[in-house]
Amino acid sequence: MARMRELQDPSPGTLLFGFIFTDNQAMREALEGLISRYGPVAMETPTRPFYETDYYDAEMGHGLKRKFLTFKQLVPQDSLIDVKLVSRELERLLSVDGRRRINIDPGILTLERLVLASSKDFTHRIYLGQGVFADLTLIFQKGHFTCLPWTYPDYSRKDAIVFWEQARAFHLSQLRRENQG
């Protein structure tokens, strides 16, 4: 006879952020705010031009830049709602005349996947609560992160995939360290 499996919390995840910005000062201030809340950064990409879409141009201007980073401190996977709410408040605080100077997209990376938090509903997004949706962005299969039909182009770039795979390796080492302690 099969027994009902006990419910249990999954392993913690690595907190990640994607930034789109033109204003370097806004980027510094956002990073300071996130570090004060979540601790030290583990890994980050160089800042590069962001040209995959013009969606943000009307609000933030031209010459947008893109940066990704992860934090050292592991977080519960169900903290995604709170992290999105913190990110939105930080965007609001850094806005000028109601226009964002920076877009902050939080997410959580696990051994199996990369999930972003979104405030927009869509067919592949799951509602978590408080206006926040989970966007399954990348899945880890056969030793690599794999894009999905809806994965944003800047998350599916070769350099981004390399970064996410390095972040996953760091995440695995963090989990092993945590399990030893």
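Within segment 105-131, the set of residues being out of contact with any Asp or Glu (no Cβ under 8 Å at 6 or more places or on another chain), without any contact (Cβ under 8 Å) to a residue 24 or more places away in the chain and surrounded by 13 or more Cβ atoms within 10 Å (Cβ to Cβ) comprises G131 only.
For first residues located in segment 47-71 and farther than 20 Å from L16 by Cβ, partners that are part of a loop (DSSP other than H, G, I, E, B) and lie 6+ apart or on another chain with Cβ distances below 7 Å form the pairs E59/R100; M60/T22; M60/R100; M60/R101; G61/T22; G63/T22.
Against the definition (more than 16 Å from the chain's Cα centre (by Cα) and either within 30 Å of E178 (Cβ to Cβ) or free of Cβ contacts under 8 Å to residues at least 12 places away in the same chain (or both)), how does R88 come out, yes or no? Spelling it out, it is not the case that R88 is more than 16 Å from the chain's Cα centre (by Cα) and either within 30 Å of E178 (Cβ to Cβ) or free of Cβ contacts under 8 Å to residues at least 12 places away in the same chain (or both). If you go through segment 48-71 and keep only what is at pLDDT 95 or above and of a type in the set (V, I, T), you end up with just T70.
Taking only segment 92-128 into account, find how many residues are charged (D, E, K, R) and closer than 20 Å to A26 by Cα. Number satisfying all stated conditions: 6. Residues in segment 147-167: is at least one over 30 Å from G61 (Cα atoms), out of contact with any Leu (no Cβ under 6 Å at 6 or more places or on another chain) and basic (K, R)? Within segment 147-167, none of the residues are over 30 Å from G61 (Cα atoms), out of contact with any Leu (no Cβ under 6 Å at 6 or more places or on another chain) and basic (K, R).
The values are calculated or read from the model by the stated rules, or taken from the named source; none is laboratory data. All values derive from a computational prediction rather than experimental measurement. Glycine gets a Cβ as well: all are built from the backbone with ideal geometry, and neighbour counts include every protein chain shown.
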